[in-house]
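Report on the following structure.
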Amino acid sequence: MANGFDYVIVGGGSSGCVLAARLSENPDARVCLIEAGGQDNHPLIHMPVGFSKMTTGPFTWGLVTAPQKHVNNREIPYAQAKVLGGGSSINAEIFTRGHPSDYDRWAQEEGADGWAFKDIKKYFLRSEGNTMLSGEWHGTDGPLGVSNVAEPNPLSRAFVQSCQERGIPYNPDFNGPMQEGAGLYQTTTRNNRRCSAAVGYLRPVLHRKNLTVITSALVLRVVFNGKRASGVEYAVKGAKTIAEASSEVIITSGAIGSPKLLMLSGLGPAAHLSAHGIDVVEDIPGVGQNLTDHFGIDIVAEIKGHESLDKYKKPHMALWAGIQYALFNSGPVTSNVVEGGAFWYADGPGSKPCPDLQFHFLAGAGAEAGVPGVPAGSSGITLNSYTVRPKSRGTVTLRSADPRDNPIVDPNFLAEPDDLRVSTEGVKISREIFSQSSLQKYVKAIHFPDNNVRAQAEFEAYARQYGRTSYHPTCSCKMGKDEMAVVDPQLRVRGIDGLRICDSSVMPSLVGSNTNAPSIMIGEKASDLIRGNA
Ligand SMILES: Cc1cc2nc3c(=O)[nH]c(=O)nc-3n(C[C@H](O)[C@H](O)[C@H](O)COP(=O)(O)OP(=O)(O)OC[C@H]3O[C@@H](n4cnc5c(N)ncnc54)[C@H](O)[C@@H]3O)c2cc1C
């Protein structure tokens, strides 16, 4: 069976939803969006607090890393979204864009012509629907709702004050002229509900007759006519269909899914494909290489009382919070949990041109898969930090030629000694922040790391034992001009016609922040490149 479209988009995540909405603005363009996960109709997705329940389970691919050589051979849970909206449906809703110098580096040093900050800023602003901030750094009319946390937890406020006591100044806007400092994150929410790319971009245009959205459909491979991508083959409950694309196939399957799909389609390192019995359509050595992610390390404290969000883990408190949200659209359900944050320097202010550490403060403990909690019955808080521009590079490779198998994900965390050094400085600064007077009023004891962790070697051992993904895999199909580049600056796959990759996998290097807004920006710019507007 075959269906005909102009554009077929593979992956209904952050970037894919943007492209589906933008390309279908032209009523003559027949657009098809295919997503492996289901519809985004579960209530947890739309409650800001739901993030803490979704880092494992039905809206993820159930990935675990390969044993991490430099991290005690641990196999680390690796949450990646499998649902309409992709990462933007399950993420912590933190709205950050990276540092302008990240994009200037892409353009000036990494072959991404046309992606300097001055070139892409308009796409950030076009996407942004900020309900509070405006001016030259913010958009107010875009589809992506962005808001302040409605009712910050008292511990998040104490975190921001503790940062100031530690010498990290207050910053009211991480996406303004200065990234450094501590404050409360803005979140991708609107009216106290999550604003995913599916909610912000896709839902308002679902009525368009030229837009077809197919969910619970796994794309198996790209179909070629010679060296031209002519469509994709997908399966719904085992039944296979071809979706033909007369103009382009656009891959937005994320930094794990996109290289996997390319390799299954015969695009990738020839020897690796042949080893799995896959016919090589084009030998592209960079596919699945260069994987980069933020290696986050948490510290966890028990608090004396129950001021954090942990008290809502008790069923009667959760029920009360749910009723408050349903009736009054207020209360703890409006929290994204990760309310507070900071950008700072491992070696002190002025040591680098821009911050090399990012911090995430959680008004709770044990909220995410693989992160320790506090003793049963007590409440806690968590502070996560990571080196924002890690030097370690990993891989995504095929486990088998069966599209239903997850690929082998090896982020190769801490392969570079500098990543370990900067990361451990983050843990030390985290502990210093928890030791300042504003948080000390609440803290009973820091359990992770405990007091035995004092010397550098002990901090390193702690990092290896507890570090984990911060959910920002990128760069596995990087854009550029060198031999490891997979796409050119127009996002066209090298050696192939009619095929682009337009998601987080094309970043030439990881930006210094969370990656949802940058992935949406990539979708926005890609839509202009495809329509010839850029
Ligand atoms: C738990 C978690 C928390 C995060 N927290 C934040 C945060 O607070 N702030 C922030 O800025 N960023 C955060 N991120 C990162 C951010 O959400 C991602 O960087 C972003 O969503 C990536 O967008 P993407 O379009 O590249 O890929 P995705 O959004 O992952 O979309 C890819 C989509 O393709 C689908 N797909 C894959 N393969 C196939 C196939 N073969 N057939 C059909 N469909 C396929 C997937 O199911 C998925 O829906 C978080 C991510 C996670 C997972």
* To do: Mind checking which of Val396, Ser156, Val487 is farthest towards the positive end of the chain's charge dipole, using Cβ charges of +1 (Lys, Arg) and -1 (Asp, Glu) about the Cα centre?
  => Ser156
* So for the range 66-222, taking the charge dipole from beta-carbon charges (+1 Lys/Arg, -1 Asp/Glu), which of Gly183, Ser88, His138 sits furthest toward the positive end? -> Ser88
* Asked: Quick one: of the DSSP bridges fully inside the chain, what percent are antiparallel, nearest 5?
  -> 65 percent
* To do: Select from the chain the helices, each a whole stretch of DSSP H, whose alpha-carbon atoms run 20 Å or more along the helix axis and whose Kyte-Doolittle mean is at least -1.0; answer none if there are none.
  => 417-434, 516-531
* To do: Could you tally the net charge around Ala255, taking each other residue with its Cβ under 9 Å from the Cβ of Ala255, Lys/Arg +1 and Asp/Glu -1?
  => -2
* Whenever you get a sec, compute what percent of the accessible area on the chain sits on carbon and sulfur atoms (1.4 Å probe). => 51 percent
* Which distance in nm do the two modelled labels at Lys122 and Glu432 give, with both placed 7 Å along the Cα-to-Cβ direction? -> 4.3 nm
* To do: Could you tell me what percent of the DSSP beta bridges with both partners in the range 68-191 are antiparallel, to the nearest 5?
  => 50 percent
* Cα-based shape type of the range 12-169, given that a ≥ b ≥ c are square roots of the gyration tensor eigenvalues and the cut on a/c is 1.5 -> rounded
* Solvent exposure of the chain as accessible area per residue, Å², 1.4 Å probe -> 36 Å²
* To do: Determine the alpha carbon to alpha carbon distance for each of Lys391/Lys525; Lys121/Lys525; Lys240/Lys260 and list only those over 21 Å.
  => Lys391/Lys525
* Dipole of the chain, Cα-centred, from +1 at each Lys and Arg C-beta and -1 at each Asp and Glu C-beta, to the nearest 20 debye? -> 1040 debye
* Asked: Within a Cβ distance under 12 Å of Asn153, other residues only, what is the Lys/Arg minus Asp/Glu net charge?
  -> -2
* Grab the Cα-Cα distance for Asn72 and Trp137, subtract it from 0.36 nm times how many residues apart they are, and report the gain in nm with one decimal. => 19.1 nm
* Helix-derived [θ] at 222 nm for the chain: sum -39500 (n - 2.57) over DSSP H runs of at least 4, divide by residue count, nearest 500? -> -7000 deg cm²/dmol
* Counted charge near Cys163, where neighbours are those whose Cβ lies closer than 12 Å (Asp, Glu -1; Lys, Arg +1) -> -1
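The values are calculated or read from the model by the stated rules, or taken from the named source; none is laboratory data. Bear in mind the structure is a predicted one, so any value in this text is a computation, not a measurement. Cβ sites come from the backbone with ideal geometry, for glycine too, and all protein chains shown count toward neighbours. Calculation scope for accessible area: heavy atoms of the full protein, side chains included, ligands and nucleic acids excluded. Shrake-Rupley method; radii C 1.70, N 1.55, O 1.52, S 1.80 Å.
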